[in-house]
Amino acid sequence: MAIEKVGVVGCGLMGSGIAEISAKAGYDVVVREVDEAAAAKGEARIRKSMDRAVSKEKMTAEDRDAAMARITFTTELSGLADRDLVIEAIVENLEAKNELFGALDGICGPETIYASNTSSLTVTDMAAATDRPDRVIGLHFFNPVPVMKLVEVVRTIETSDASMEAAFEYCRRVGKEPITAKDNSGFVVNLLLVPYMLDCIRQLERGVASIEDIDKGMVLGCGYPMGPFTLCDFVGNDTTLRIAEIMFDEYREQRYAPPPLLKRMVAMGRYGRKSGKGFYDYSGDTPVPMEI
């Protein structure tokens with residue numbers, strides 16, 4: 001079950017990164033987006049990332065051009081018909097993912113492996129909606145994909161050994177370190193990380209310390225690369241809320257319940273870096289803690 005042809009559905013922040021590392025590793029890559037404008041935006045994002053790598057002398061201009069030449073963009077699902085592996089990186093919505101994989105069942109060959117980049121949904125629910133549950137896995141990459149080394153390879157109760165072996169080989173070829181995760185909502189990293197982030201928000205609500213001091217405490221006291229509120233803003237507070245809601249629905253444990261403050265911030269559009277405001281205001285040269 002060798003993988004040589006990779007398909008990526010969705011070319012946003014995560015999908016573009018997955019397409020980039022796959023092309024760099026020598027894979028023939030087809031990227032599917034919903035329309036030409038989205039495809040052009042995704043292509044520009046990939047090229048900008050590779051240009052940055054060239055400027056930092058992490059790759060040559062020749063290697064960049066060769067990698068870009070290995071990526072084809074399409075707006076048709078039929079463009080994925082000959083892929084050995086199709087990785088979805090679309091909206092974090094089970095119905096949308098199941099609809100995608102159901103459509104691919106009528107397009108891709110029986111040997112094609114389907115992978116989801118979901119960070120919180122259970123892969124089993126996607127596998128059950130296909131005609132090949134033994135060839136459905138989770139491949140949870142981390143942002144930014146070209147930089148972060150980890151991939152959680154998620155195995156359902158139906159995933160075959162051959163599919164897992166092929167997935168591990170793919171991950172290693174694209175320069176990542178794969179770990180095996182049981183198919184529970186949150187897998188390994190988010191299962192442990194999300195409660196920490198939510199609890200930090202609760203402690204802010206309780207007035208334990210300021211945004212800046214909680215962030216500083218976790219960086220200087222625990223050696224974390226960034227504080228919890230900087231991380232929330234980086235991930236996106238809307239994304240954190242959605243993941244928390246999915247995990248709370250799965251486990252019904254208080255530690256996964258979204259704090260009221262997080263809900264209110266999302267309602268006001270304070271998503272973090274991508275909206276310009278979150279726990280910090282990013283309008284100036286240096287992020288400034290917001291009034292909460």
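Go through the stretch 46-58 and report how many residues are free of Cβ contacts under 8 Å to residues at least 60 places away in the same chain and in contact with a helix residue (DSSP H, G or I) (Cβ under 9 Å, 6 or more places away or on another chain).
Number satisfying all stated conditions: 6.
Here are some residues: Gly7, Gly15, Gly79. Which one is surrounded by 17 or more Cβ atoms within 10 Å (Cβ to Cβ), part of a helix (DSSP H, G or I) and touching a strand residue (DSSP E or B) at 6+ places or on another chain (Cβ under 9 Å)?
Gly15
Taking the condition of being assigned to a loop (DSSP other than H, G, I, E, B), under 19 Å from Thr124 (Cβ atoms) and small (Gly, Ala, Ser), how many residues in the stretch 174-190 meet it?
Here the count works out to 2.
Report whether or not Asn98 is surrounded by fewer than 23 Cβ atoms within 10 Å (Cβ to Cβ), under 20 Å from the mean Cα position of the chain (by Cα) and at pLDDT below 95.
It is false that Asn98 is surrounded by fewer than 23 Cβ atoms within 10 Å (Cβ to Cβ), under 20 Å from the mean Cα position of the chain (by Cα) and at pLDDT below 95.
Filter the stretch 82-117 down to residues that are part of a loop (DSSP other than H, G, I, E, B), over 25 Å from Ala244 (Cα atoms) and among the β-branched types (Val, Ile, Thr), then give me how many there are.
The qualifying residues number 2.
Across the stretch 145-173, what is the number of residues that are assigned to a loop (DSSP other than H, G, I, E, B) and loosely packed, with under 14 Cβ neighbours inside 10 Å?
Counting residues in the stretch 145-173 that are assigned to a loop (DSSP other than H, G, I, E, B) and loosely packed, with under 14 Cβ neighbours inside 10 Å gives 4.
Regarding the stretch 57-67, can at least one residue be identified that is more than 20 Å from Val154 (Cβ to Cβ), of a type in the set (S, T, N, Q) and either in contact with a strand residue (DSSP E or B) (Cβ under 9 Å, 6 or more places away or on another chain) or not in a helix (DSSP H, G or I) (or both)?
Looking for residues that are more than 20 Å from Val154 (Cβ to Cβ), of a type in the set (S, T, N, Q) and either in contact with a strand residue (DSSP E or B) (Cβ under 9 Å, 6 or more places away or on another chain) or not in a helix (DSSP H, G or I) (or both), one finds at least one in the stretch 57-67, hence yes.
Restricted to the stretch 174-192, and to residues that are surrounded by fewer than 16 Cβ atoms within 10 Å (Cβ to Cβ) and polar (S, T, N, Q), which residue is nearest to Ala23 (Cα to Cα)?
It comes out as Thr180.
Conditions tested, residue by residue: (1) without any contact (Cβ under 8 Å) to a residue 24 or more places away in the chain; (2) of a type in the set (Gly, Ala, Ser); (3) touching a Cys at 6+ places or on another chain (Cβ under 9 Å).
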{"site": "Glu92", "(1), (2), (3)": "no, no, no"}
{"site": "Leu104", "(1), (2), (3)": "no, no, no"}
{"site": "Ser120", "(1), (2), (3)": "no, yes, no"}
{"site": "Leu150", "(1), (2), (3)": "no, no, no"}
{"site": "Val153", "(1), (2), (3)": "no, no, yes"}
{"site": "Thr159", "(1), (2), (3)": "no, no, no"}
{"site": "Met164", "(1), (2), (3)": "no, no, no"}
{"site": "Phe168", "(1), (2), (3)": "yes, no, no"}
{"site": "Arg172", "(1), (2), (3)": "yes, no, no"}
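If the Cβ limit is 6 Å and pairs must be 6+ apart or interchain, which residue in the stretch 32-45 that is within 12 Å of Val9 (Cβ to Cβ) pairs with which residue that is crowded, with 17+ Cβ neighbours inside 10 Å and of a type in the set (Val, Ile, Thr)?
Final answer for the pair search is Arg32/Val9.
Within the stretch 196-229, can you find the residues that are in contact (Cβ under 8 Å) with a residue 40 or more places away in the chain and of a type in the set (D, E, K, R)?
Within the stretch 196-229, Asp199, Arg202, Glu205, Glu212 qualify.
Only one of (1) part of a loop (DSSP other than H, G, I, E, B); (2) closer than 17 Å to Ile90 by Cβ fails for Leu139. Which number is that?
With respect to (1) part of a loop (DSSP other than H, G, I, E, B); (2) closer than 17 Å to Ile90 by Cβ, Leu139 is out only on (1).
Have a look at Val145, Val86, Val136 and point out the one that is under 23 Å from Asp238 (Cα atoms), in the same structural domain as Arg172 (by TED's automatic domain parsing) and touching a residue at least 24 places away in the same chain (Cβ under 8 Å).
Val145
So which residues in the stretch 203-221 are surrounded by fewer than 16 Cβ atoms within 10 Å (Cβ to Cβ), out of contact with any Gly (no Cβ under 8 Å at 6 or more places or on another chain) and in a helix (DSSP H, G or I), if there are any at all?
Result: Gln203, Glu205, Asp213, Leu220, Gly221.
Output the residues belonging to the stretch 252-277 that are of a type in the set (Lys, Arg) and outside any loop (DSSP other than H, G, I, E, B).
Correct list: Arg255, Lys263, Arg264, Arg273, Lys274, Lys277.
The values are calculated or read from the model by the stated rules, or taken from the named source; none is laboratory data. The structure presented is a predicted model; accordingly, all values stated were derived computationally and were not measured. With ideal geometry, Cβ positions are generated from the backbone for all residues, glycine too; neighbour counts draw on all protein chains shown.
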